[in-house]
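Quick notes on the structure that follows.
We did not get these values from a lab; they are worked out from the coordinates using the rules stated. Fair warning: this is a prediction, and the values are worked out from it, not measured in the lab. Ideal geometry is used to build each Cβ from the backbone, glycine not excepted, and the neighbour counts take in all protein chains shown.
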Amino acid sequence: MFKQRKYKIRNQKIISATKKRFVLWFIAFITYSVFAYLIDPFNPDLYDFHQKTIGDLLIDFFYGLVFSAIIVEVSIFIDNMLIKYLPWKNWNTKRLIIQCIFQILGSVFFVISSLAFFDYIFGWLQNLSYKEEYTIIAQSLASNIIVSLLISTFNTVDYLVYNWKKTELLVSQHKLKVSEHKQAATEAELQAIKLQIDPHFIFNSLSVLSELILKDQKLGYEYSESFAKVYRYLLINSKKDAVTLEEELKFLDSYIYLISKRFEDGVDFKIDITSNYKKFSLPPLALQFLVENALKHNQTSKKNPLIIKIYTENDNYLIVENNLIPLVNKKELSGFGLKNLMKRFEFFGDKKVIILNDQKDYIAKIPLHEN
């Protein structure tokens, strides 16, 4: 199948090149005839066509077309040799001048050789005066040079356009490959980021579970059930690109239960989500991270509880806001988790996470996407 397709493409190229050749031959024939007339419009040979038979006219046309075809082939041969040994990329004006000189020299050689050959075979110039002989030579040289330069121009433009298209195609292919590689790297990076979701809450939750089991087995059981829901959600959805806000809020209910047992009255959650936004999507565990981030950076106490607000406004953003109660012995943090979250949203869509900090409140605005 592949060989047949390759053979078909090659045949199409050959047919296209042959058609182009015939067009150039015909253009050369017309151009040569026009310039021959312009150089010597009173040549009697141009006006005796009505005295010739159809056979003679066809023969004249055939010889004229063959002569034009030879001019074209000689011109193209010279161009191809120059392209091979003096590529356009290494020459500019100098390259153009050299091409014109070689085309003129080739035309002179071709005209003199042709006239000498036909004079030797048919004796074309033997019965002519010197003036007529020089006129024919000059006419042939001028017409041939003009046709050669014209064909050379067509051939050069065609070559340059072909190479330009080829270069553009290579650039496009290169860009496509770069884009594919970038997409693959992006996907790999996204998967790596998903695996880097902060696991601290699992460790902390297990510690609380151990304490609750020792104090109250029933409470410990309820806590373990909520923890199982949280962990199940994490296992199922951490590999997804997106979940609905409704799913994330259900997960958050179980997570908040764990938090309430861990910090008791030291944390107060206020949730106000417009119902139409619940079908919107966001990266999984984004809410869990922001809540965990607020708990990690702030004090929690009954007298001065940490207030975490989760709400929506009419701008397709979900807002997670908390008051700032800085830790006494605050450790230097790399901010790696927040960078990961921002990176996840970059992969998720065009909108970015907005972080606002006025030293009183910390506000994170995360974009929601309509499904």
Subject >> Modelled FRET efficiency - R0 41 Å, Q217 with D350, Cβ distances, 0.05 increments >> reply: 0.20
Original post:
Going down the table (K270/K365; K175/K339; K250/K339; K229/K279; K250/K279; K229/K343), which pairs top 18 Å between alpha carbons?
Top reply: K175/K339; K250/K339; K229/K279; K229/K343
Original post:
For the range 228-238, in order, what is each residue's ³J(HN,Hα) by Karplus, 6.51 cos²θ - 1.76 cosθ + 1.60 with θ = phi - 60°, in whole Hz (x at glycine and Pro)?
Top reply: 5, 4, 5, 5, 5, 4, 4, 5, 6, 9, 5
**OP:** Report, by chain and number, residues whose modeled amide H sits under 5 Å from the one on L318, excluding near sequence neighbours (fewer than 5 apart, same chain).
**Re:** I366, L368
